[in-house]
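**Student:** This is the structure, below, for whatever I ask next.
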Amino acid sequence: MDRYHEMLMFEALSERPSLASAARRLNVSGPTVIRAIARLEARLGVPLLLRSTRGVALTDAGAGFMADCTRILRAVDEAEASAKGLHVQARGNLSVAMPLLFSRYVMTPLLTHYLDLYPDVRLFAQYHDRLPNLNEEGIDVAVLVGDLPSSSLIARPVGHVRYIVCGSPGYLARHGEPCALEDLKGHRLVATQANRDKVQWDFQQHGELRSIKVRSRLSCATVQAAIDATAHGSGLTRCLSYPLYGYLDSGRLRRILQPYEVPALPVHVVYREGRKASMRVRSFVDFIVDALREHPALRLDAP
């Protein structure tokens, strides 16, 4: 068996690490898959799978090799499609990573629209509140919030978000609007993390970073719970602006202490291959970059 078919055998484990399911997916016998994996491990000199009575799992070397196999096999598919004249159509599997809350408030309707435009693309959404390794994790495109580290990735800026403090009009009418950072000590504060009896909020004053530590009145397990509590008048909260734009636009929340906000964070769409990217990657990047640049949640001067 050649290396290409051995890689196909191994990559069949990507959807579910089960030798039996991989065999069914490829329409071959279980022993055929087992022998192919054994040949791979012998040639590479490292174990790719951990076997136990509960099944199999990828080793660290296996996970890295899986990502490489997936990328190589996709490139082979793209080359064949191009030779057949199919390169003008976006088709195949597309893996996209993004922050969870960003997906909920911004990305989900955009992903739905993209799939309507490109029915031959199968999209796999992954959620990361960190910088994923696109090469090792087999991710095609990622939406990243925050400053980018130095890397070989292609990055296209799409807008900015910022940390803002807000409260409901009713709460501010009852308790007054804070005009200086020291005023926060006299207000009910809503924390965005459970079991936190204090909040530490960063601000900028006279060009310098200043952190305010104040006891919270309410601690919520999620950002959304804190936003909802704040909208119902429980106090003041501070979080990134993109979950708030609908509340601010409708008047359910008001932005306060704006002169003290820290600098905005950039948002980028990043991917790997540049001009060599597949049609499905290029089509998605072009679509999502245009859509995000028009989105009100990513405008630097959003209310």
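The values are calculated or read from the model by the stated rules, or taken from the named source; none is laboratory data. Note that the structure is a prediction, hence the values are computed from the model and not measured. Virtual Cβ from ideal backbone geometry, glycine too; neighbours counted across all protein chains shown. Just so you know, the surface numbers come from the protein's heavy atoms only, side chains and all, with ligands and any DNA or RNA stripped out. Shrake-Rupley method; radii C 1.70, N 1.55, O 1.52, S 1.80 Å.
**Student:** Note the full-extension length gain between E208 and R174 as 0.36 nm times their separation in residues minus their Cα-Cα distance, in nm to one decimal.
**Tutor:** Extra length from E208 to R174 when fully extended: 9.1 nm.
**Student:** In whole Å, how far is the Cα centre of the stretch 93-134 from that of the stretch 227-275?
**Tutor:** One Cα centre to the other: 20 Å.
**Student:** Same structure again: Could you please state how large a percent of the accessible area of the chain is carbon and sulfur, counting protein chains only and using a 1.4 Å probe?
**Tutor:** C and S fraction of accessible area: 50 percent.
**Student:** Still on this structure: Once both axes come from the Cα atoms, what is the angle between helix 30-44 and the longest principal axis of the chain, in degrees from 0 to 90, rounded to 10?
**Tutor:** 80
**Student:** Here is a further query. Separation between the T222 and A57 pseudo-spin-labels, each 7 Å from Cα along Cα→Cβ, expressed in nm?
**Tutor:** Calculated label separation equals 2.7 nm.
**Student:** Counting alpha carbon pairs within less than 8 Å and at least 6 residues apart, what relative contact order, in whole percent, applies to the stretch 217-303?
**Tutor:** Dividing the mean separation by the residue count of the stretch 217-303 yields 30 percent.
**Student:** Under the definition of Cα pairs under 8 Å and six or more residues apart, what whole-number percent is the relative contact order of the chain?
**Tutor:** This gives 20 percent for the chain.
**Student:** With the Cα gyration tensor of the stretch 163-260 in hand, convert its eigenvalues to equivalent ellipsoid semi-axes via √(5λ) and list them largest first in whole Å.
**Tutor:** Working through the eigenvalues yields semi-axes of 18, 16, 13 Å.
**Student:** Now a separate question. Please report the Cα spread of the chain along all three principal axes, rounded to whole Å, starting with the longest.
**Tutor:** Here the Cα extents, ordered largest to smallest, are 75, 47, 33 Å.
**Student:** Relative contact order for the stretch 163-260 using alpha-carbon pairs under 8 Å, separation at least 6, rounded to a whole percent?
**Tutor:** Reported relative contact order: 44 percent.
**Student:** Give the long-range amide H neighbours of V214: residues separated by 5 or more places, or on another chain, with amide H under 5 Å away, using H modelled in the peptide plane at 1.01 Å from N.
**Tutor:** Here V199, W201 satisfy the definition.
**Student:** Top to bottom by accessible area (1.4 Å), largest first, where do C239, C179 land?
**Tutor:** Reading off the accessible areas and sorting them downward yields C179, C239.
**Student:** A further question follows. Could you state, as a whole-number percent, how many of the C-alpha pairs of the stretch 3-84 are farther apart than 15 Å?
**Tutor:** 57
**Student:** If you don't mind, another one. Based on alpha-carbon positions alone, could you give the equivalent ellipsoid semi-axes of the stretch 155-209 from the gyration tensor, as √(5λ), descending, whole Å?
**Tutor:** For the stretch 155-209, the semi-axes come out at 24, 16, 15 Å.
**Student:** Between S95 and residues 5 or more places away or on another chain, which pairs have amide H atoms under 5 Å apart, with H built 1.01 Å from N, and which residues are they?
**Tutor:** Under 5 Å from the amide H of S95 lie the amide H atoms of F124, D140, V141, each far enough along the sequence or on another chain.
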